[in-house]
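Presented below is the structure to which this report refers.
The values are calculated or read from the model by the stated rules, or taken from the named source; none is laboratory data. All values reported here derive from a predicted model rather than from experimental measurement. Neighbour counts run over all protein chains shown; Cβ positions are idealised from the backbone, glycine included. Protein only, heavy atoms only, side chains kept; ligands, DNA and RNA dropped before computing areas. Shrake-Rupley method; radii C 1.70, N 1.55, O 1.52, S 1.80 Å.
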Amino acid sequence: MAFGTREIAGVRAPWIARWLLRCLAPPGESDALAGDLEHEARAIADASGVRAARRWMRWQVAHSIWPLARQRWAARRRGPGGTTMFRGAGMDLRHVARRLRATPGFAVVAVLTIAIGVGTASAIFSLAYAVALKPLPYRDADRLVGIQSVHAKSNSWASSSAPEIADYREGAASVADLAAYSYGAQIAKIGGERIRIAADPSTPNLFDVLGVRPAIGRTFAAADVDRPVVILSHETWVSRFAADPAILSRTFELSDRAYAIVGVMPAGFRFPQVLESDLWIASSFADRLDRNDRQLQLVARLPAGVSVDQASRDVAAVAARLARAYPATNDGWSARVVPLDGRTAAGYGAIFGSLLGTVGLFLFVGCANLAGLLIVRNIDRRGELAVCASLGATPFRLARQLALEAGLIALAGAGLGVAISSPASQVLAALMPPRLPGLADVHLSLPVLAFAVTLSVITALVCGVLPVFDLGSVSASEALTGPRHSGPRSQRLQSTLVVAEVAAALILIVGATLMMRSFTALLDRDRGFNPHGVFALNVSLPFEQDAYLDSQTRAAALDAIVSRVAHLPGVTHAGATNGFPGSTLGVLGAAMLHPAAGAPQADVSALLRSATPDYFNAMGVALERGRTFRPDDTASAPRVAIVNEKLARAMWPDADAIGRQLPLPRSDARGASELWTVVGVVADMHLAANVPADIFVPVAQRPSFWIDLVMRTTGDPAALDAPVRRALREINPDLLIENSRSIQTIVANSLGLERAQASLATVVAVLSAAVAGVGLYALLAFAVAQRRREFAIRLALGSAPRALSRWMYVRGLRLALAGIAAGTAITIGLVRLLRTEVFGLASAAPWAYAWSALALLAVAALALWAPARRVLRADPLAAMRD
């Protein structure tokens, strides 16, 4: 009778006691244990009563839990033969180590294969973590947001005006605190050297809103808006002041004014994320009263529990009230709240994700190759395993020994990979665009180490499990009869691994080919200008000299600069503008324009630039209609403008733009505008896929303090650097000359991420092809070794050696073709998925498949050559004697 239904002299055991005994009692002993408890309980009940029997039973059950649990755990730790799971592990580990020392070539190749895969993946993850995944260095960064002004008709966004700081602080209940900053540049003198400094004015509470404390000194106080004080970035403190510990006692000269240094921000702090800041200046922006002057970036902190959508509705309501209160400046403008972290929108995660996927595929090729080699080794040592089985070794013991060998190789390779990942990440960081955010934080951090360790464990498991699959076919009788050849299951597993290797290698080779083709297409695509043979540099007039405050003086100085370099030897055209594609300087501003009636677009946001008469010839820009600027387009002449094709199509889709008038904001009276007549239409100039709407005005009619000077030459553009600098120094020694380089260099640098992605994919593809070739070679070489005696008999009976080698080639190439077919099918699906995402992908796909397949077939043929040569040179008699 079961214990759970047994009555003991009117005493029934509690249900939890019955459940515990059933769970913990050894199988087959529960009934006997229940009988013993029943017998003792009856005796106690007769002598002392039912209550005493119940107390005794509870005491017995409670004191039996621990011994029964310990006995059950010990039973589970034992294998089928009764041996403890971990007993003898040290002996097996020493045996595996001796075997690897006996075959150093195999061990080195296997470890390096895994090390390259793990090291490269860890290095790329280190880079991706620093650039795209690392949390922002701010307190509660997920609650930080930016506020953007949005034009309702054009759906374009802009910065905010200074009066809106108070409007959002008072009217948006979901905004806990709000700060503002702007981008600025000033000329600093350090050690007698004039340099441009990114000096960003900000409200005193900016660092409090961000939740960041300085490494040295303090942040701004409210009273600092009336004082000449600055806070330095850590990079400026190190590069310009040699990390002087007494920095707070020094001053910083900006535009001939001395500023006291009150603090230094910590290393790695960078705000905003894309543009670098050298220092910050406290400002209340009280002098910026014009609501049309939208140049301030607003950053706010949301209260706990407030979502971005809720805050966005609040600021939109405030913007609607402002539009009603100030229709002249705010009509048609709304506002929205966006997360402060814009790295996802920049596409960094997708780029590094594709790189990690590429290296992950290569690591799979390495794991498949290592597993195939281990299977071959295990088949070769079947005799040894059979002897172990005949001497009493359990299948578990044999499986553990094989898994230890694979795991030891994988872990050694992973450890080496982790060791090389740190220097490899620095090499990759050097290949990235220099202004990529987060590059300074690339190092072996705890998340990177956790990723590497996880990858190492997965690699060890993958490499250790597959070679054990064929272990069940090992028989102890083989110790007497001799080891038999590999069975169908082993051959299928080896062939499957080779096919998978070849397929993965094909995917990588085609992917690398398409990436290189896409990068070349991006490099050579039409950008609206001819970058070949053009030299460029930035020139700034002395900001601090009062003479240049007069616009006519600035215009004359800029004209003198362009005229002087135009007469240098080798220069065919010279011109200047503000903010050409890829420039580090900014444009003059922006204008919101209202297209003609019937235009598909309601409003157009256009960028305003100035240009000299010969600028478009120097850049190689095609004049579509009308004329370019002339020397007589001076400050006293009628206001004229040149627009690009995009703006002309948006403003006047069914009419000619020539002769039309554009209302542009005046430079001397913000908020007002004046009419400019369109006299020409030029081709669209751009670096990225997005083409801006551009308006060009003569430099003489809108002179600025800075220009981008461009010169077209018949020779090497870099050879103009020294002559141009000497000529400019002769005009004014105080001119600030920066960023001299060729336009081709600018174009190439704009594609730094794409170039690094394509280059790394190419290296990985070549390595994958090599590893796949090694796997194919190993499989065929082992097949030759296994059938050596058979081949010898066939040769002795008159078979032609070439027929046997032909069989080798057919078998090997059949596996390679199967892998190529599988890889092609997978790659076609991926290409169709990514065709709209990657520039130039569709046109490159057909020939990419062809040459990638030929490359892999060549690798396979090379891998088959050595085994086939061995068959041709085999001595039949020697083989049969062996």
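Just to be sure I understand, how many residues within the stretch 133-151 are in a helix (DSSP H, G or I) and either under 30 Å from Asp167 (Cα atoms) or open to solvent by less than 20 Å² (accessible area, probe 1.4 Å) (or both)?
Residues flagged as in a helix (DSSP H, G or I) and either under 30 Å from Asp167 (Cα atoms) or open to solvent by less than 20 Å² (accessible area, probe 1.4 Å) (or both) within the stretch 133-151 amount to 3.
Where in the stretch 239-287 are there strands (runs of 3 or more DSSP E), lying wholly inside it, with at least 3 residues that are out of contact with any Cys (no Cβ under 7 Å at 6 or more places or on another chain) and either at pLDDT 85 or above or surrounded by fewer than 20 Cβ atoms within 10 Å (Cβ to Cβ) (or both)?
Answer list for the stretch 239-287: 257-264, 279-282.
Looking at this structure, is Ser750 open to solvent by 40 Å² or more (accessible area, probe 1.4 Å), under 30 Å from Arg196 (Cβ atoms) and at pLDDT 75 or above?
yes
Count, please, the residues in the stretch 436-458 that happen to be crowded, with 18+ Cβ neighbours inside 10 Å, modelled with pLDDT of 75 or more and not hydrophobic (A, V, I, L, M, F, W, C).
1
Considering Ser154, Ser233, Ser161, which residue is buried (at least 18 other Cβ atoms within 10 Å of the Cβ), in contact with an Asp or Glu (Cβ under 9 Å, 6 or more places away or on another chain), modelled with pLDDT of 80 or more and over 15 Å from Arg270 (Cα atoms)? Steps first, please.
Values: Ser154 fails: modelled with pLDDT of 80 or more; Ser233 fails: over 15 Å from Arg270 (Cα atoms).
Step by step, each of Ser154, Ser233, Ser161 is checked, and only Ser161 is buried (at least 18 other Cβ atoms within 10 Å of the Cβ), in contact with an Asp or Glu (Cβ under 9 Å, 6 or more places away or on another chain), modelled with pLDDT of 80 or more and over 15 Å from Arg270 (Cα atoms).
Can you pull out the residues in the stretch 182-203 that are hydroxyl-bearing (Ser, Thr, Tyr) and open to solvent by 20 Å² or more (accessible area, probe 1.4 Å)?
Tyr183
Looking only at residues in the stretch 484-499 that are assigned to a helix (DSSP H, G or I) and open to solvent by less than 30 Å² (accessible area, probe 1.4 Å), which one is modelled with the lowest pLDDT?
Going through the qualifying residues, I end up with Ser490.
Out of (1) surrounded by fewer than 16 Cβ atoms within 10 Å (Cβ to Cβ); (2) within 29 Å of Ser759 (Cβ to Cβ), what's the single condition that is false for Thr103?
(2)
Every residue in the stretch 500-532 that is open to solvent by 30 Å² or more (accessible area, probe 1.4 Å), in contact (Cβ under 8 Å) with a residue 12 or more places away in the chain and in a loop (DSSP other than H, G, I, E, B), please.
Within the stretch 500-532, Arg525, Asn530, His532 meet the criteria.
If you check Ala792 against the conditions, is it out of contact with any Cys (no Cβ under 9 Å at 6 or more places or on another chain), surrounded by 16 or more Cβ atoms within 10 Å (Cβ to Cβ) and modelled with pLDDT of 75 or more?
So Ala792 fails the test.
Among the residues of the stretch 307-329, how many are open to solvent by less than 50 Å² (accessible area, probe 1.4 Å) and without any contact (Cβ under 8 Å) to a residue 40 or more places away in the chain?
The number of residues fulfilling the criteria is 4.
Could you please find all residues in the stretch 196-212 being under 29 Å from the mean Cα position of the chain (by Cα) and not hydrophobic (A, V, I, L, M, F, W, C)?
Hits for the stretch 196-212 are Asp200, Gly211.
Here's the yes/no breakdown for (1) of a type in the set (Ser, Thr, Tyr); (2) within 37 Å of the chain's Cα centre (by Cα):
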residue	(1), (2)
Tyr615	yes, no
Leu623	no, no
Phe629	no, no
Ser636	yes, no
Glu645	no, yes
Pro653	no, no
Arg660	no, no
Pro663	no, no
Asp684	no, yes
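Would you call Phe535 at pLDDT below 80, outside any helix (DSSP H, G or I) and surrounded by 16 or more Cβ atoms within 10 Å (Cβ to Cβ)?
no
Among all residue pairs at least 6 apart or on different chains, which show Cβ distances below 6 Å where the first residue, located in the stretch 818-833, is touching a residue at least 60 places away in the same chain (Cβ under 8 Å) and the second is assigned to a helix (DSSP H, G or I) and open to solvent by 50 Å² or more (accessible area, probe 1.4 Å)?
Here the result reads none, with nothing in the stretch 818-833 linked to a residue that is assigned to a helix (DSSP H, G or I) and open to solvent by 50 Å² or more (accessible area, probe 1.4 Å).
I'd like the full set of residues that are in contact with a strand residue (DSSP E or B) (Cβ under 6 Å, 6 or more places away or on another chain), at pLDDT below 85 and open to solvent by 10 Å² or more (accessible area, probe 1.4 Å), limited to the stretch 599-628.
Scanning the stretch 599-628 gives a single hit, Ser605.
Any idea which of (1) in contact with a Ser or Thr (Cβ under 9 Å, 6 or more places away or on another chain); (2) over 19 Å from Ser551 (Cβ atoms); (3) of a type in the set (A, V, I, L, M, F, W, C) is the one Leu664 doesn't satisfy?
All conditions pass for Leu664, except number (2).
Can you work out which of the residues in the stretch 658-683 that are of a type in the set (Gly, Ala, Ser), modelled with pLDDT under 90 and in a loop (DSSP other than H, G, I, E, B) is most open to solvent (accessible area, probe 1.4 Å)? Outline the logic, then answer.
Step one: list which residues in the stretch 658-683 are of a type in the set (Gly, Ala, Ser), which gives 659, 667, 669, 671-673, 680, 683.
Retained after the next criterion (residues that are modelled with pLDDT under 90): 667, 669, 671-673.
Remaining after also requiring in a loop (DSSP other than H, G, I, E, B): 667, 669, 671-672.
Numbers: Ser667: 86, Ala669: 38, Gly671: 52, Ala672: 42 Å².
Within the stretch 658-683, the match that is most open to solvent (accessible area, probe 1.4 Å) is Ser667.
When both residues are 6+ apart or on different chains and their Cβ atoms are under 6 Å apart, which pairs have a first residue that lies in the stretch 681-696 and is in contact (Cβ under 8 Å) with a residue 12 or more places away in the chain, and a second that is polar (S, T, N, Q)?
Partner pairs satisfying both residue conditions: Val682/Asn644; Asp684/Asn644; Leu687/Ser750; Asp694/Asn644.
Being in a strand (DSSP E or B) and under 30 Å from Arg240 (Cβ atoms) is the filter here, so list the residues in the stretch 155-190 that pass it.
Selection gives Ala179, Ala180, Tyr181, Ala185, Gln186, Ile187, Ala188, Lys189, Ile190.
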